[in-house]
Amino acid sequence: MNKENYTAVTEFFLVGLSHYPGLLLALYVLCLVMYLVILLGNSILIIISILDPHLHTPMYFFLGNLYFLDICYTSSSIPQMLINVMSERKTISFIGCALQMVISLGLGCTECVLLAVMAYDRYVAICNPLRYTIIMNKGLCAQVAAWTWITGFLVSLVQTVLALIKPFCGNIIDHLTCEILALLKLLCGDISLNVFIMTVASIVILITPLLLIFFSYIFIIFTILRITSSEGRKKAFSTCSAHLTMVILFYGSALFIYMKPKSKDTKTSDELIGLSYGVITPMLNPIIYSLRNKEVKNAMEKFFIRNLHFKRM
């Protein structure tokens, strides 16, 4: 590639789904509603998990991290996307795109690791209940949570820097947000290092945690099947079903996006699945846990009854 074909980029044009103006309008309304639900639902559950002493356990500590992560993840891209959808000039600055990519990719990587940590927490709780409070002590939980966030953002930072230091052959991103796969299609010259790093990152951040989750649940299922009480089995399954639902939703879309064969053109289906990965899953997380968990239901009832009673007084 000759140097005269390189483009000095100061901003990017986000043109995803621009050929479907009717779809964009429907998408704007849908994403706005879902974003508000995400902010409200996750914020309420964070407040409840802090205020209710019964929820001061490792499981709810990690869930609190997940709720906060989902708020940050959607806030890193959805507001800008909503602005661009309704604007004629659908642009984002170079710095803004870089920050959006680092934050959204970092939070996505963090969630992959966090879901594996939550699976290990369920494994210890069910397979080794007598030592649960000793193994999953506050110090260990805080350290694991911190390293989860650090690992996610280190992986994101490396990939983003390697992408942005290369010259660009254009500044039109065929996507709704600054997504790294869409940005790589604009790079000039050899991107084999970027592809290699992304492949390694996908194995470390996607495949390895998924295998840990898989093996954790093999041990969990065998342990549950050995429980003689049907009520005990039901309770054990109920504590895992919500987490398993989240894993299927999150990893299903993430594996489709990052592990399938790459093509030069972005398909509409890819963008919509990417949107479900970035919006629908964070919206469903608090709903799944609030509907499937009696402790959360009871805590929410107490929270709302207490606040309604206070307002009436």
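List of remarks:
- Folded to 0 to 90 degrees: helix 294-312 orientation relative to the chain principal axis, Cα: 90 degrees
- Option label - semi-axes √(5λ) of the Cα gyration tensor in Å computed here, alternatives (i) 36, 24, 19; (ii) 38, 24, 16; (iii) 27, 23, 19: (ii)
- Here the alpha carbons of the range 142-263 define both size measures, Rg and Dmax, at 19.5, 65 Å.
- By the Cβ distance rule (another cysteine Cβ under 4.7 Å), the unpaired cysteines of the chain are Cys31, Cys72, Cys109, Cys112, Cys127, Cys141, Cys240.
- Probe 1.4 Å, accessible area per residue of the chain, Å²: 52 Å²
- Here the chain has 70 percent of its accessible surface on carbon and sulfur atoms, given a 1.4 Å probe and all protein chains in place.
- FRET efficiency for Glu301 and Thr10, using Cβ-Cβ distance with R0 set to 45 Å, rounded to 0.05: 0.30
- Solvent-accessible surface (1.4 angstrom probe) belonging to His175, in square angstrom, nearest 10: 30 Å²
- Remark: accessible surface ordering of Ile248, Ile220, Ile44, Ile150 (largest first) is Ile248, Ile150, Ile44, Ile220, probe radius 1.4 Å.
- Calculated FRET value between Phe219 and Asn137, using beta carbons and R₀ = 25 Å, to 0.05: 0.75
- Gain on full stretching of the segment that runs from Thr199 to Ser238 - 0.36 nm per residue minus C-alpha separation: 10.5 nm
- The angle between the Cα long axis of helix 281-292 and the main principal axis of the chain comes to about 10°, on a 0 to 90 degree scale.
- Long-range amide H partners of Gly170 with built H, under 5 Å: Thr7
- Angle of helix 21-51 to the longest C-alpha principal axis of the chain, folded into 0 to 90 degrees and rounded to 10: 40°.
- Per-residue SASA entry for Met198, accessible area with 1.4 Å probe, Å² rounded to 10: 20 Å²
- Helical mean residue ellipticity (222 nm; -39500 (n - 2.57) per DSSP H run of 4+; nearest 500) of the chain: -24000 deg cm²/dmol
- Peptides 142-148, 168-174 ranked from most to least packed, by the mean per-residue count of other Cβ atoms within 10 Å: 168-174, 142-148.
The values are calculated or read from the model by the stated rules, or taken from the named source; none is laboratory data. What you are looking at is a predicted structure, and each value in this text was computed from that prediction instead of being measured. Cβ sites come from the backbone with ideal geometry, for glycine too, and all protein chains shown count toward neighbours. These accessible areas exclude ligands, DNA and RNA; they are computed on the full protein's heavy atoms, side chains included. Shrake-Rupley method; radii C 1.70, N 1.55, O 1.52, S 1.80 Å.
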